[in-house]
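As structure tokens, the structure follows; a few thoughts come after it.
None of the figures in this text is laboratory data; all of them are computed from the coordinates on show. Note that this is a predicted model, so its numbers are computed, not measured. Neighbour counts run over all protein chains shown; Cβ positions are idealised from the backbone, glycine included.
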Amino acid sequence: MERFVGTFIRWLITPVVLVLIAIGIYHLLKRLGWKHRQAMGLSLISPWIIGFLSFIAFPLVNSLFLSFTDYNLFNKPEWVGLRNYQWLFTKDIEFWPSIRLTLSYAALTLPIGVLGSLILAMLLNRKINGVGFFRTVFYLPAILPEVAVALLWRLFFNSESGLLNYILRPIFNLFNMGKPNWFGDPKFVLPAFVIMSVWGIFGTNTVVFLAALQGVPRSLYEVAELDGANFLKKFLHITVPQISPIILLQIIMGMIGALQVFTVAMFVRPTSAAGKFLNQLVYERGFTQLHMGEASAIAWVLFIIILLLTLLVFKTTPAWVYYEAEAKR
């Protein structure tokens with residue numbers, strides 16, 4: 001118990017220090033001639049600014065610096081220039097398989113996540129008895145611990161006693177196939193992760209789409225019905241344009257999430273012959289092998305991939321994203 005006393009004391013002192021800093025900033029700005037509302041606003045957000053600089057901006061810049069160094073957590077970083085990046089792109093036997101696995105996973109799971117969430121939200125948007133109960137049930141995956149879910153998937157895909165192989169056993173027998181070793185056979189690892197990604201259509205994604213669907217004016221559908229529009233035409237010409245900003249949000253967030261998959265992969269432990277996800281590679285190089293320079297370089301490569309893909313998606317938005325209040329020129 002005594003070893004936690006220091007941590008508890010620091011936990012109590014931290015908010016007091018932040019309040020004192022905010023008060024100091026307020027009085028300093030007032031002395032510099034700032035108006036009351038401006039000084040008060042900046043002083044109130046100063047704890048967030050301090051947290052952003054300490055826990056986001058500084059680690060980000062520091063990781064960029066470390067990517068050009070040889071650093072093992074115990075010695076001072078030694079500047080090596082582009083050597084880490086040259087090693088990754090030319091000699092590292094795990095880097096390119098990780099790129100391939102990560103991008104393949106994102107390309108396969110992103111459509112499943114977005115379309116599946118939208119379809120489920122449309123079903124939950126219907127006025128039927130007990131719809132509130134179903135909305136609650138389908139949101140539950142959002143509050144389940146990711147580690148527990150990963151362990152459940154591991155049991156579900158067990159090659160000997162897993163529920164999935166038991167359910168598919170008649171199909172395997174029909175085609176004279178043996179039980180697939182989902183996480184032990186490299187050719188089944190990616191399909192297994194794609195199947196697990198179906199879990200992502202539930203939870204927050206569905207709730208966000210449901211909120212967007214409920215914001216679409218009913219009058220638009222009524223006018224379309226008077227003109228003889230069927231379900232498909234109403235969906236393509238009313239629903240999709242009206243919720244297109246939310247679809248964009250889901251695509252961006254889903255893509256970032258798919259490219260940063262980590263927890264499930266670490267606890268499921270698929271065979272390394274299938275490759276590793278990039279975040280796995282970052283963890284192993286940095287915290288298992290203590291090559292923080294290489295780990296930082298991989299992290300920045302992943303950051304650049306996400307940035308480029310995000311910019312590419314935003315580049316396409318004028319063709320399909322509709323903003324009702326947008327000024328047309």
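Taking θ as phi - 60°, what are the ³J(HN,Hα) couplings along the stretch 61-78 by the Karplus curve (6.51, -1.76, 1.60), each to the nearest whole Hz, with x for Gly and Pro?
With coefficients 6.51, -1.76 and 1.60, one gets 5, 5, 5, 5, 4, 5, 5, 9, 10, 9, 9, 10, 6, 10, 9, 5, x, 10 Hz.
If you bin every alpha carbon distance in the stretch 88-320 into 10 Å steps from zero, what whole percent lands in each bin?
7, 25, 29, 23, 12, 3, 0
Which value, in debye to the nearest 20, describes the size of the charge dipole of the chain about its Cα centre when Lys and Arg Cβ atoms bear +1, Asp and Glu Cβ atoms bear -1, and nothing else is charged?
It comes to approximately 580 debye.
Run lengths n ≥ 4 of DSSP H only: what is the helix-derived mean residue ellipticity at 222 nm for the chain, with -39500 (n - 2.57) per run over all residues, to the nearest 500?
Helix-only estimate at 222 nm: -21500 deg cm²/dmol.
Going by how many other beta carbons lie within 10 Å of each one, how would you line up Trp96, Trp34, fewest first? Mind showing how you got there, number by number?
Working: Trp96 12, Trp34 16.
Ascending number of Cβ neighbours within 10 Å: Trp96, Trp34.
Going through the cross-link list Lys91/Lys315; Lys276/Lys315; Lys127/Lys234; Lys91/Lys276, which pairs have a Cα-Cα distance over 24 Å in this structure?
Where the Cα-Cα span goes over 24 Å, the pairs concerned are Lys91/Lys315; Lys276/Lys315.
Can you compute log10 of I(q)/I(0) for the stretch 221-282 with the Debye formula, treating each Cα as one identical point scatterer, at q = 0.21, 0.29 Å⁻¹?
Relative scattering, expressed as log10 I(q)/I(0), comes to -0.83, -1.11.
Which order do peptides 153-160, 113-120, 304-311 fall in by mean Cβ count within 10 Å, highest first?
Put in order of decreasing packing, that is 113-120, 153-160, 304-311.
For Lys179, which lysines qualify as cross-link partners when the Cα separation must be under 21 Å and same-chain residues fewer than eight apart are set aside?
Lys187
Quick one: which residues, 5+ away or cross-chain, put their amide H under 5 Å from the amide H of Asp70? H built at 1.01 Å from N.
Here Glu78, Trp79, Val80 satisfy the definition.
Tell me, what ³J(HN,Hα) does each residue in the stretch 254-261 have, in order and in whole Hz, if you take phi through Karplus 6.51 cos²θ - 1.76 cosθ + 1.60 with θ = phi - 60° and put x for Gly and Pro?
Values per residue, Gly and Pro as x: x, 5, 4, x, 5, 6, 10, 4 Hz.
Over the Cα atoms of the stretch 2-66, compute the convex hull volume and normalise it per residue, giving Å³.
So the per-residue Cα hull volume is 103 Å³.
How large is the Rg to Rh ratio of the stretch 84-183 when both quantities use alpha carbon positions and Rh follows Kirkwood?
So for the stretch 84-183, dividing Rg by the Kirkwood Rh gives 1.11.
With the cut-off at 15 Å, report for the stretch 223-329 the share of all Cα pairs above it, as a whole percent.
74
Residue-wise, which Karplus ³J(HN,Hα) couplings in Hz belong to the stretch 202-218, taking 6.51 cos²θ - 1.76 cosθ + 1.60, θ = phi - 60°, and x for glycine or proline?
8, x, 4, 4, 5, 5, 5, 5, 4, 4, 5, 5, 6, x, 6, x, 5
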